[in-house]
Amino acid sequence: MTMKFPNSLLALLILSILSSLSVSWATSEPVPINGFLQCLPKQFHSGRPILEAVYTPQNTSFLSVLMARIKNRRFSSPTTPKPLAIVAAKHESHVQATIVCAKQHGLQIRIRSGGHDYEGLSYVSPVPFVVLDMFHFQSVDVNVKDESAWVESGATLGKIYYKIAEKTKVHGFPAGVCPTVGAGGHISGGGYGNLMRKYGLSIDNIVDAKLVDANGRILDRKSMGEDIFWALRGGGGASFGVILSWKLKLVRVPEKVTVFNVTRTLEQGVTDVLYKWQFVAPVLPKDLFLRARPEIENNTEGKKTAEVSFIGHFLGQTDKLLPLMNERFPELGLRRKDCHEVSWIESVVFWDEFPLGTPVTILLNQTGTPIPFFKAKSDYVKKPIPKKVIEYMFKAMLEIGNIWTEWNPHGGRMSEISASATPYPHRAGNLYMIQYYTSWYQDEGIEATNRYIHLTRKLYEKMAPFVSRNPREAFQNYRDLDIGANLDNQSNLLTARVYGSKYFKGNFERLVRVKTVVDPHNFFKHEQSIPPI
């Protein structure tokens, strides 16, 4: 499907013509977009005119609003199905009206907060649809006294971290390291980050939520009940309703933490170091998170080589970290000059790969880095991978070229939480999780896309004997339609069990039961949603 990124007047003209036809993407029958638009202002009067928040293809801003939060250029081509309208909601009544009117007029909605869905499911559909864009829901209300914060679903992680640090220097929140990710999808899918070994995932630190259900009702934890609240924390909110906001339980961090990024190459024996990392990283003290990031870079001679960055986050100071690392992981050779003592909010900036000393206000930048084409996959590892397999992986990565992988250790708090406490089941027994991420910027067109995706799948298949099996587990925040999908607007339960077992294992059946209660007619659906019975 991927074509050239629409940056020309011709592409804009084509898009406008296609969109203005107001026809189904699957058929030539008219779709009731006019009825939907007429319905909106009749619902849930709030004093905030909803039509001011609606963009159709006839609006000059339609394309820019649509593209502003597309984070994978594979889904921004002229042939990618476009919404019949975008509702950039500014009030909870706008969310309610969008749901009610879409149901009445046979339209699907796709819900977007940060737009980081790896497969574009938050803004692409094969049937007539509207995008409910939660971008304006960005409030972050921090209460230091009771160590909590209410954050709206469109607030980015960078803004959440920044607002916490504005109020307190000794609190943080366990979530991801990419500051442009939206809270709505990130938290509902799990929320994976460098505080997880100390405090678990984001979902393990959520105490309340506000949800709009398929009937347009606004529910909190008390009114929705514990089953729905359980499902939202890791089961993917877009299957159950629209997340308005989360109540976070803030966690304690020291005034100074220590970070480091030490790189070793093939020529420096990194294969042995990475092999040893597997035995060390998952059993280190909870205060230390040590990610390994194998990637392809040019060496001093300008030739491509495999190297691994070992990126550490320690809830303490260097004097305590160095003896620990020298005892547990001397192969890395960590030195005092590699270590940097910073505040927790400065460590967030460091993890986003900005130079030390970059102002923390950079976290409020919502545009992020240039948008690539990419394909990602994930695995969970329960036994150390043999050296020969690591060597093969490096060779395969050199063939792909534009690829990195991330090895994120479990253990610590992650092993103490029951696999059924939340829908996220990947707890005790996992050493680490791997993300495979292939990206390309310049090689546009279907041939380049097919080549990179094929090579990524090839590496993934070669790794099969050395990762989790029966099922081969995957992380749903690293969305991957290759592992199973209900295509063509279907919702087959047997198909859903294929991907559901990989994302949720034994928790899938409970998610189905919750779905059957909260959304029995399956209004909220996408290619990897939870179907009702």
- request: Select from the range 456-469 the residues that are in contact with a helix residue (DSSP H, G or I) (Cβ under 8 Å, 6 or more places away or on another chain) and either open to solvent by 20 Å² or more (accessible area, probe 1.4 Å) or more than 21 Å from residue 372 (Cα to Cα) (or both) and list them in ascending order.
  value: 457, 458, 462, 463, 466
query: Among 338, 379, which is acidic (Asp, Glu) and open to solvent by less than 10 Å² (accessible area, probe 1.4 Å)?
result: 379
- prompt: Quick one: would you say residue 429 is small (Gly, Ala, Ser), more than 17 Å from the chain's Cα centre (by Cα) and over 27 Å from residue 282 (Cβ atoms)?
  reply: no
task: For residues that are at positive phi and either touching a Cys at 6+ places or on another chain (Cβ under 8 Å) or not in a helix (DSSP H, G or I) (or both), tally how many sit in the range 483-508.
output: 3
- prompt: Could you say which residue among 238, 214 is more than 30 Å from residue 336 (Cβ to Cβ), out of contact with any helix residue (DSSP H, G or I) (no Cβ under 6 Å at 6 or more places or on another chain) and part of a loop (DSSP other than H, G, I, E, B)?
  reply: 214
statement: Given the conditions (1) touching a strand residue (DSSP E or B) at 6+ places or on another chain (Cβ under 8 Å); (2) charged (D, E, K, R); (3) open to solvent by 50 Å² or more (accessible area, probe 1.4 Å), every one holds for residue 416 apart from (1)
query: In the range 346-360, is there at least one residue being open to solvent by 20 Å² or more (accessible area, probe 1.4 Å), in a helix (DSSP H, G or I) and of a type in the set (Val, Ile, Thr)?
result: yes
task: Any residue in the range 224-237 that's within 10 Å of residue 208 (Cα to Cα) and among the hydrophobic types (A, V, I, L, M, F, W, C): show its pairings with residues that are open to solvent by 10 Å² or more (accessible area, probe 1.4 Å) and assigned to a helix (DSSP H, G or I) at Cβ separation under 8 Å, as long as the two are six or more apart or on different chains.
output: 229/221
query: Counting just the residues of the range 470-505 that are touching a residue at least 60 places away in the same chain (Cβ under 8 Å) and farther than 24 Å from residue 74 by Cβ, which one comes out surrounded by the fewest Cβ atoms within 10 Å (Cβ to Cβ)?
result: 505
- request: Can you tell me which residue within the range 246-255, out of those that are open to solvent by 10 Å² or more (accessible area, probe 1.4 Å) and outside any loop (DSSP other than H, G, I, E, B), is farthest from residue 210 (Cα to Cα)?
  value: 252
field: Given (1) in a loop (DSSP other than H, G, I, E, B); (2) within 27 Å of residue 293 (Cβ to Cβ); (3) open to solvent by 30 Å² or more (accessible area, probe 1.4 Å), index of the condition residue 169 fails
entry: (2)
- request: Would you mind telling me which numbered condition in (1) touching a residue at least 40 places away in the same chain (Cβ under 8 Å); (2) over 19 Å from the mean Cα position of the chain (by Cα); (3) open to solvent by 10 Å² or more (accessible area, probe 1.4 Å); (4) over 20 Å from residue 220 (Cβ atoms) residue 142 fails?
  value: (4)
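The values are calculated or read from the model by the stated rules, or taken from the named source; none is laboratory data. Keep in mind it's a predicted model, so treat the numbers as computed, not measured. Note: ideal-geometry Cβ built from the backbone for every residue, glycine included; neighbour counts use all protein chains shown. To get the accessible areas, we keep the full protein, side chains included, count just its heavy atoms, and leave off ligands, DNA and RNA. Shrake-Rupley method; radii C 1.70, N 1.55, O 1.52, S 1.80 Å.
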